[in-house]
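Below you'll find the structure, written out as structure tokens, and then a few comments.
The values are calculated or read from the model by the stated rules, or taken from the named source; none is laboratory data. Keep in mind the model is a prediction, meaning the values are calculated, not measured. Because the Cβ atoms are built from the backbone with ideal geometry, glycine has one as well, and the counts that use them run over all protein chains shown. Areas reflect the complete protein model, heavy atoms only, side chains present, ligands, DNA and RNA absent. Shrake-Rupley method; radii C 1.70, N 1.55, O 1.52, S 1.80 Å.
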Amino acid sequence: MASEPLLTPDVLVIGAGPAGLTAALTAAQGGASVLLADLNPGPGGQIWRGLKAGQGGEAGDLLRQVQAQPKVQTLYGAELKLVETVQGRNRPERVAQFGTPGGARRVQAGTVILATGSSERFLPFPGWTLPGVVGAGGLQAMVKGGLDVKGARVVVAGSGPLLLAVAAGLRAKGAKVVAVAEQAGVGSLAAFGLAAARSGGKAGEAAELAWALRGVPYLPATFPVRAEGEKQLERVTLRTGRAEFGLRCDWLAAGFGLVPDTRAAALFGCALGSGGEVQVSVWGATSVPGVYAAGELTGVGGADKARLEGFVAACAATGQVERLHDAPRQAESVRSFQAALGRSFALRPQLARLAAPATIVCRCEDVPHAALQGCHSWTEAKLHTRCGMGPCQGRICGPATETLYGWRFSGVRPPLSPLSIADLLSEPAPISPLPASQEPI
Amino acid sequence: MPEILLNGRPVRVPAEVTLLAALHAAGYGSTRVSLSGERRGALCGMGICYECRVRVNGTTQRSCLTPVQDGMRVEEVPNGL
């Protein structure tokens with residue numbers, strides 16, 4: 001039933017975080033018309049969630065530049081559902097279908113830049129399904145969406161530099177951060193600190209975070225083993241070495257690093273690397289002609305890497321190779337930071353053994369650990385237990401089963417997320433700019 | 001402050017926030033019941049986990065991605081959906 005009107009930009013950018021915003025701006029500067037689509041109600045992605053053009057700093061600057069570009073159109077609240085390949089004027093082009101609050105939208109473009117970022121890795125432990133146990137980046141996102149944490153007791157746990165940024169943000173909103181528990185050991189953290197200090201700009205960020213978190217215990221080699229509460233979270237038990245201790249809290253914000261979000265890339269048919277990241281050339285080209293990838297989905301490395309890759313991919317995709325003279329030097333710096341991240345925050349093996357037999361692993365279908373232990377692969381688990389077959393389609397339990405059972409989480413198939421019958425049947429409506437009243441929250 | 005109809009009962013909630021934040025402000029820290037009957041609340045905060053889904057004006061939406069609006073009818077999803 002889907003028919004015209006179809007949006008036909010030169011470049012479709014999916015994801016409006018640091019990589020996507022940079023890519024959209026760069027492509028438009030080269031003369032291309034760009035459609036920038038994002039699932040969220042506004043720009044910024046996860047790291048710059050709630051980004052406003054009025055704000056200072058590099059994020060605000062970037063957004064103002066994007067908004068000043070008449071060649072960039074935006075489509076927010078747009079979730080990618082389906083992709084087809086069609087014959088364009090002189091080469092294959094992609095048609096992407098999005099679900100939006102205003103109904104289905106279809107976009108045909110010869111060039112696609114995927115900037116879908118990363119999501120948190122969640123690991124099951126007894127009690128992790130209690131209301132009040134949330135992601136670390138998850139709680140940060142909820143607070144940016146207006147969740148009130150004033151006076152709430154929060155334990156931040158898991159792994160990675162994100163924990164510190166989350167803790168500082170929560171504290172700024174009036175939360176009482178009881179402790180930050182980092183599973184990596186002291187040696188790893190010291191090595192990471194040195195690597196970050198060598199990477200320009202990161203030392204200043206670290207000093208700011210340290211100041212924002214003065215007085216908050218930062219516990220290395222410490223991880224959650226159990227969450228308890230009557231109807232919702234009341235208490236978490238942490239382990240360090242052989243010692244366990246309990247902390248009373250209203251929220252446990254636990255994230256075990258970030259996982260490249262490659263689902264859109266898989267739908268486009270892009271090849272993935274051994275670490276589950278999208279494989280790209282030095283120019284950001286994926287294995288599918290005309291499809292590029294930039295940012296966390298090519299390997300988790302932070303916003304500087306994302307911005308650089310967004311710039312490089314857009315230059316390469318729109319024939320602006322002359323702008324790339326400084327890129328190799330910058331790429332070396334972000335890559336060394338990325339490598340330090342991976343080394344320093346590698347997950348300790350005990351984390352794969354926290355789940356008890358009755359602990360739910362797949363939250364959508366309520367599949368317990370005991371039911372999955374007898375399975376040998378993700379596909380077998382899906383067939384036998386319905387693991388990964390609920391609304392989230394394995395986005396939470398898939399990365400968890402990688403860590404728990406060493407499975408390769410695979411088998412993305414269209415539609416990427418639940419699709420309403422109305423969207424399937426509706427005529428795609430033409431796109432129009434958001435009215436001013438629909439400022440992102 | 002916008003007013004939403006929460007399980008049939010009018011509730012005033014903060015403006016300019018997500019429906020998830022509004023539900024929490026109204027005292028709903030849990031958004032659904034799982035297949036096996038556990039109470040669940042939001043997990044990821046970014047539209048991935050679907051734990052925060054509720055019925056909004058008759059269709060299922062992720063409350064973390066939905067800006068709250070005056071007059072919204074919000075109900076818990078039927079068990080298992």
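Remarks
- Shielded residues, segment A:329-378 - accessible-area loss of 10 Å² or more between chain alone and all protein chains, probe 1.4 Å: A:Ile360, A:Arg363, A:Cys364, A:Glu365, A:Asp366
- Evaluated at q = 0.22 Å⁻¹: base-10 log I(q)/I(0), Debye formula over Cα of chain B: -0.97
- Debye equation applied to the C-alpha atoms of segment A:228-348, log10 I(q)/I(0) at 0.09, 0.15 Å⁻¹: -0.39, -0.76
- Helix axis angle, A:186-198 relative to chain A longest principal axis, alpha carbon, degrees: 30 degrees
- Between A:Gln350 and B:Thr59, the modelled label-to-label distance comes to 4.8 nm, taking each label 7 Å out from Cα in the direction of the beta carbon.
- A 1.4 Å probe run over the protein chains yields, for chain B, 42 Å² of accessible area per residue, whole-number rounding.
- Local charge for B:Met1 was computed over the other residues whose Cβ lies under 14 Å away, with Lys and Arg +1 and Asp and Glu -1, and equals -3.
- Approximate spin-label separation A:Arg64-A:Leu324, in nm, with each point projected 7 Å along Cα-to-Cβ: 3.0 nm
- Interface residues in segment A:118-154 - accessible area drops by 40 Å² or more relative to the isolated chain, probe 1.4 Å: A:Thr129, A:Pro131, A:Met142, A:Gly145, A:Leu147
- Once the Cα atoms are used to define both axes, helix A:162-172 deviates from the longest principal axis of chain A by about 80 degrees.
- Between segment A:160-193 and segment B:33-71, the Cα center-to-center distance that results, in Å: 28 Å
- Distances between every pair of Cα atoms in segment A:350-405, grouped in 10 Å steps from 0 to the bin holding the largest one, split as 28, 64, 9 percent.
- Karplus-derived 3J(HN,Hα) values for segment A:322-337, using 6.51 cos²θ - 1.76 cosθ + 1.60 with θ = phi - 60°, are 5, 7, 9, 4, 8, 4, x, 5, 5, 5, 4, 5, 5, 5, 5, 5 Hz; glycine and proline are entered as x.
- Antiparallel %, DSSP beta bridges [both residues in chain A], to 5: 50 percent
- With kT/(6 pi eta Rh) evaluated at 20 °C and eta = 1.002 mPa s, and Rh the Kirkwood radius from Cα pairs, segment A:122-256 diffuses with a coefficient of 143 µm²/s according to Stokes-Einstein.
- For segment A:34-143, the Stokes-Einstein estimate of translational diffusion at 10 °C and a viscosity of 1.306 mPa s comes to 96 µm²/s, using the Kirkwood hydrodynamic radius over alpha-carbon pairs.
- Just the protein heavy atoms count here, and of the accessible area of segment A:208-355 at 1.4 Å, carbon and sulfur take up 52 percent.
- Solvent exposure of segment A:47-200 as accessible area per residue, Å², 1.4 Å probe: 36 Å²
- Buried between B and A is an accessible area of approximately 2600 Å², summed over both sides with a 1.4 Å probe.
- For segment A:289-376, the convex hull drawn through the C-alpha positions has a volume of 160 cubic angstrom per residue.
- Along principal axes, Cα extents of the protein assembly as shown, largest first, whole Å: 64, 57, 49
- Accessible area per residue in Å² at 1.4 Å probe, computed on segment A:283-427: 45 Å²
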